[in-house]
Amino acid sequence: MGVGVPERFRTRRANGADASSGSGDWTIHVADSDEVRSEARRFRHRVIEALADAECGTRPPVPSEMDDRVDAHADLLFLRNRDGRIEASMQMTAIDQVDFGIARHLDRRHLALGSIEASFSRHLLFDPAVKDESIGAAMSKAIRVHAGRRGWRYDLCLCSDENSASRLRLGYRPIGIKVDRKTRSTLEIYAFAIDPATAEGSTIEDSTRKDATSREVETTAESEGSGP
């Protein structure tokens, strides 16, 4: 564990984050080509448009984190269903590679993180047409598996009260550090604890499309440290 890690990081574990939990009907992928990144971007646009169209209905408004900024250093993590369709995605970036707009909220002195290995994630999106709640457990597992293989011990994110529900369902918890954005809603830093053992025996699918009959929930190998 890194020097100077606050007690809240040492003791907090993500509720329900059982490393043996299955991923249901989804396979875990990390984008490894411009073609796949473009496909994931189209998915993001489709979800954002669907949520925007529903703003006047019963669904919640589009969360502020769902803009179209793309982090060049991010690992683009996503889930495919058995037909090869993307149904969930998220960007994960090593904490020392986040852009300035995020880094200023995650100042190492402010967090007292020391040399901790952590990532920062944003743009968590689920296809609103998917009603199977187990997709949340599948994405939670995907985060734990990928972060574990990258050597990250925590994943951090910024949430407001309005858009924290999806993160809470995955196992993220607030750590008591709030970010005042003046005229905009206050954000709070949430953390997800990663058990290093999670990555053992769990691998990630090649992100290129494969024949559906070859897909398994427990996957073929991802190259160590692969990224964008």
Karplus 3J(HN,Hα) series, Hz, for the range 35-50 with 6.51 cos²θ - 1.76 cosθ + 1.60 (x for Gly, Pro): 4, 6, 4, 5, 4, 5, 5, 5, 4, 4, 4, 4, 5, 4, 5, 5
field: Contour minus Cα-Cα distance for A129 and S160 (0.36 nm per residue)
entry: 8.8 nm
task: Can you tell me how much longer the chain between S33 and A103 gets when fully stretched, taken as 0.36 nm per residue apart minus their C-alpha distance, in nm with one decimal?
output: 22.6 nm
query: So between L168 and E49, what do we pick up on full extension, going 0.36 nm a residue minus the alpha carbon distance?
result: 40.5 nm
message: I need the peptides 40-47, 84-91 ranked by packing, meaning the mean over residues of other C-beta atoms within 10 angstrom, with the highest value on top.
response: 84-91, 40-47
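Any read-out appearing in this document is the output of simple, stated calculations on the displayed coordinates, not a laboratory observation. Being a predicted model, the structure only gives us computed values, none of them experimental. In this analysis, Cβ positions are derived from the backbone assuming ideal geometry, glycine residues included, and neighbour counts consider all displayed protein chains.
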